[in-house]
Amino acid sequence: DTAVSQTPKYLVTQMGNDKSIKCEQNLGHDTMYWYKQDSKKFLKIMFSYNNKELIINETVPNRFSPKSPDKAHLNLHINSLELGDSAVYFCASSQSQGNTIYFGEGSWLTVV
Amino acid sequence: EDQVTQSPEALRLQEGESSSLNCSYTVSGLRGLFWYRQDPGKGPEFLFTLYSAGEEKEKERLKATLTKKESFLHITAPKPEDSATYLCAVLPSGGYQKVTFGIGTKLQVIP
């Protein structure tokens, strides 16, 4: 069983489109995250949710909107995609903040 | 702001040639330091958590150590399957407890 699963794994889309990435974890964790890994492989946090409540919201454009319908799910919706949004987006989870974070396999987003 | 610097950026070893990866950090108070392994096309895979200076943890050919300013990931007699990018991350003790990652060390082990 995959602990943190995200879909789609690959996404190629045109500038200006709106797209969503879905994430689910079956670890029973109460905290979920979205991380972005850019072309230089630098992994940076975007958002963190604890029990469906937004805890961390880094300096991310308003075009990015996370939604957590329940503790096991955290989706990422991106409006008006730009070329610079091309990156790998990782969903992750942990049991409370401050504990080990477990990552999904990543979603490769390419904006053309 | 918390900072994590990893060195070297890339390391090429012969199979069996032991070495160490360095992770230097600056954080107001350290709650924990994590090591992850990332294979191409995959998400980071958790290896170790270290909490206090002097702590050591081992797993197969890997041993992680921690001081007040840096952590080392020692690789003993590496094998080609150890080839990956190794990421270090710090968790501060205060604030929103946001984990900050280093850029990683890309390790290649040649048979």
Testing A:ASP70 on (1) touching a residue at least 12 places away in the same chain (Cβ under 8 Å); (2) out of contact with any Lys or Arg (no Cβ under 6 Å at 6 or more places or on another chain); (3) surrounded by 14 or more Cβ atoms within 10 Å (Cβ to Cβ), one condition comes back false. Which one is that? (3)
Given the conditions (1) touching a residue at least 24 places away in the same chain (Cβ under 8 Å); (2) buried (at least 19 other Cβ atoms within 10 Å of the Cβ); (3) of a type in the set (A, V, I, L, M), which single one is not true for A:ILE56? (1)
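So how many residues does the stretch B:68-85 have that are β-branched (Val, Ile, Thr) and either surrounded by fewer than 13 Cβ atoms within 10 Å (Cβ to Cβ) or assigned to a strand (DSSP E or B) (or both)? Can you show your working first?
The first filter runs over the stretch B:68-85 and keeps only residues β-branched (Val, Ile, Thr), leaving B:75-76, B:85.
Of the ones still in play, those that are also either surrounded by fewer than 13 Cβ atoms within 10 Å (Cβ to Cβ) or assigned to a strand (DSSP E or B) (or both) are B:75, B:85.
Qualifying residue count for the region: 2.
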Looking at B:GLN6, is it at negative phi and either over 10 Å from the mean Cα position of the chain (by Cα) or of a type in the set (Lys, Arg) (or both)? no
Could you please find all residues in the stretch B:41-91 being within 14 Å of chain A (Cβ to nearest Cβ) and free of Cβ contacts under 8 Å to residues at least 12 places away in the same chain? B:GLY41, B:LYS42, B:GLY43, B:GLU45, B:LYS57
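So how many residues does the stretch A:12-36 have that are part of a strand (DSSP E or B) and more than 17 Å from A:LEU74 (Cβ to Cβ)? Walk me through how you get there before you give the answer.
The first filter runs over the stretch A:12-36 and keeps only residues part of a strand (DSSP E or B), leaving A:12-13, A:19-25, A:31-36.
Going one step further and asking which of them are more than 17 Å from A:LEU74 (Cβ to Cβ), we end up with A:12-13.
Of the residues in that region, 2 qualify.
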Positions within the stretch A:39-73 being among the acidic types (Asp, Glu) and either touching a His at 6+ places or on another chain (Cβ under 6 Å) or more than 10 Å from chain B (Cβ to nearest Cβ) (or both), in sequence order: A:GLU53, A:ASP70
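State all residues of the stretch B:86-104 that are surrounded by fewer than 21 Cβ atoms within 10 Å (Cβ to Cβ) and assigned to a strand (DSSP E or B); if no residue qualifies, say none. Talk me through it step by step, then tell me what you get.
Just the residues of the stretch B:86-104 that are surrounded by fewer than 21 Cβ atoms within 10 Å (Cβ to Cβ), to begin with: B:92-98, B:100, B:103.
Hits for the stretch B:86-104 are B:PRO92, B:THR100.
Readers should treat all values here as calculations from the given coordinates under stated rules, not as data from a laboratory. These numbers were taken from a predicted model, which means no experiment stands behind them. Every residue, glycine as well, gets a Cβ built from its backbone with ideal geometry; the counts of neighbours run over all protein chains shown.
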